[in-house]
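The structure appears right after this line, and notes come after that.
The values are calculated or read from the model by the stated rules, or taken from the named source; none is laboratory data. Just so it is clear, the model here is predicted, and its values are computed rather than measured. Every residue, glycine among them, receives a Cβ derived from its backbone with ideal geometry; neighbour counts consider all protein chains shown. The protein model used for the area step is the full one, side chains on, heavy atoms only, and it has no ligands, DNA or RNA in it. Shrake-Rupley method; radii C 1.70, N 1.55, O 1.52, S 1.80 Å.
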2 protein chains.
Amino acid sequence: MRDMKTKQGPARGFKLTLAYDGTDFKGWQRLAGESRGPRTVQDCVEKCLTRLLGEAIVICGAGRTDSGVHAEGQVASFACVTPAAAEKIKRELNAILPRDIACLECEEVSPRFHARYAATGKTYRYRVLNRDEPDPFLRRYSFHVREPLDLGSMRGAAAVFVGTHDFSAFTNLKAKDKSFERNLGSITVERNDDLVDMVFHGDGFLHNQVRIMSQALIDCGLGKLDADGLRALLAARVRAQAPAAAGAFGLCLLSVDYPSESGTLSAAPA
Amino acid sequence: MRDMKTKQGPARGFKLTLAYDGTDFKGWQRLAGESRGPRTVQDCVEKCLTRLLGEAIVICGAGRTDSGVHAEGQVASFACVTPAAAEKIKRELNAILPRDIACLECEEVSPRFHARYAATGKTYRYRVLNRDEPDPFLRRYSFHVREPLDLGSMRGAAAVFVGTHDFSAFTNLKAKDKSFERNLGSITVERNDDLVDMVFHGDGFLHNQVRIMSQALIDCGLGKLDADGLRALLAARVRAQAPAAAGAFGLCLLSVDYPSESGTLSAAPA
């Protein structure tokens, strides 16, 4: 038995689907080497899993959401040697997680499954409260724009972003040796009563890309910018010419895509 | 001009519709005589109005919501002599109110309009999150019940409360000289995905009545109590025999009813 375990290495892999209210977190990522660093989602989940499983757990998140950004469907993976059933991990994790994080799903996967490398797409929502009065219940989860937004203009402008482009003007990423090309599959802009939701689906996004695109689309909805202006900004590739990023609190990572067989125990035996 | 003003007394009356996230308030009511008392909704709104209008404003709320209870449609009235347009009051109030309170409407009414005395009905919602996993976004606004609720049982039990009854067993009100009789117009119990909402409409409610009835209906949904049990509790009129009050955070004052002409400037000239 002991031999088998040693041979298997990290015996089990798990895939977690997490929801969190990002308001009181300094983002997803634990800052390496800081013993008493800022409160991050990764750090909170790792500490709870380490306590539950009795071994040091390191988790990998599909997307490193920024400070204040929310998630309804973040995905994280980890491996462990302690025997534990997925359903039990979920239940016990929810019992000890802080109330602004919840584990929605836990499933056993191949220990080689990596939530970030295996991800093939992500969906983000940017939410605007578009009415004169503020809403106390949505103040943490939406950006308040008083002036009426023209959805036709926003949709026309959104179409400019769809497809493969160099998004240099739409990221705060500084690294010069990296590619700024990304493929955006779709953007939908829908009004639901006083809420205007922009939903972005793509293979992957650059740092702050969704928030900068969101502010650009809001500017289009207010008549301050239009589709031609966006085309020019994309072509110029100068960050300073594009709008600032819309507030983090309006952004939520809705879901992460994986190939259907990705990480399943049968498809990827260790 | 000066004479006219003196004759008119408090020249103007206003009716405010307010929404607030009750989480960080010690309820609606300002505690009289406390110069640095706990944070209450009434106190916050009065301070903002006093600052805006340049005269000491006292507001009267239709319902004195408890600590932690929310409102989507609380109504409050006040009178003032400073000339000001309702729309301007609303706009400027929202600019200086803390972000957990919003003014949804402001209309000029007769200065004799009194939000509490004129009210003819109130609607409260008690919200339950009924699924295994917690929800970080609803943690302040719903009571988490993991075990599946049987809505048929809850509806059957709710029918017992409807009508005129002595609700002595369903209030924490202690006063012995008051009437405990109240008329409950309707209770609806609806499931919307993982949320179970109980909506109570009545002429008025005793202290903690909605929260105690809510816990009783939840107990019915879990099979711990039934319609016959509720009938016995109502008849016995002993507070200690009925359930404890469900958590304040699940409760929200949705709206307050007034007769259609109530407070209108034409119907009630000063």
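Quick one: would you say A:VAL109 is surrounded by 21 or more Cβ atoms within 10 Å (Cβ to Cβ) and at pLDDT 95 or above? Yes. Hey, among the residues in segment A:222-247 that are touching a helix residue (DSSP H, G or I) at 6+ places or on another chain (Cβ under 7 Å) and outside any loop (DSSP other than H, G, I, E, B), which one's surrounded by the most Cβ atoms within 10 Å (Cβ to Cβ)? Within segment A:222-247, the match that is surrounded by the most Cβ atoms within 10 Å (Cβ to Cβ) is A:LEU230. For the criterion of being more than 14 Å from chain A (Cβ to nearest Cβ), surrounded by fewer than 18 Cβ atoms within 10 Å (Cβ to Cβ) and part of a loop (DSSP other than H, G, I, E, B), B:THR164 fails. Does segment B:107-124 include one or more residues that are within 12 Å of chain A (Cβ to nearest Cβ) and under 16 Å from B:TYR20 (Cβ atoms)? No, segment B:107-124 contains no residue that is within 12 Å of chain A (Cβ to nearest Cβ) and under 16 Å from B:TYR20 (Cβ atoms).
It is to be established whether one or more residues within segment B:36-47 are under 19 Å from B:ASP21 (Cβ atoms), hydroxyl-bearing (Ser, Thr, Tyr), at pLDDT 95 or above and open to solvent by 50 Å² or more (accessible area, probe 1.4 Å). No, every residue in segment B:36-47 fails to be under 19 Å from B:ASP21 (Cβ atoms), hydroxyl-bearing (Ser, Thr, Tyr), at pLDDT 95 or above and open to solvent by 50 Å² or more (accessible area, probe 1.4 Å). Selection within segment B:60-105: residues that are in contact with a Leu (Cβ under 6 Å, 6 or more places away or on another chain) and buried (at least 22 other Cβ atoms within 10 Å of the Cβ). The member of this set that is farthest from the other protein chains (Cβ to nearest Cβ) is B:CYS80.
Only one of the numbered conditions (1) within 14 Å of chain B (Cβ to nearest Cβ); (2) in contact (Cβ under 8 Å) with a residue 40 or more places away in the chain; (3) more than 16 Å from the chain's Cα centre (by Cα) is not met by A:ARG51, and that is (1).
Residues are listed down the side, and each one gets a yes or a no for (1) among the basic types (Lys, Arg); (2) closer than 14 Å to A:LEU222 by Cα:
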| position | (1), (2) |
| --- | --- |
| A:PRO148 | no, yes |
| A:ARG155 | yes, yes |
| A:PHE167 | no, no |
| A:ALA175 | no, no |
| A:LYS178 | yes, no |
| A:ILE187 | no, no |
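Examine segment A:24-37 for a residue that is more than 25 Å from A:ASP203 (Cα to Cα) and either touching a Cys at 6+ places or on another chain (Cβ under 9 Å) or within 12 Å of chain B (Cβ to nearest Cβ) (or both), and state whether such a residue exists. Yes, segment A:24-37 contains at least one residue that is more than 25 Å from A:ASP203 (Cα to Cα) and either touching a Cys at 6+ places or on another chain (Cβ under 9 Å) or within 12 Å of chain B (Cβ to nearest Cβ) (or both).
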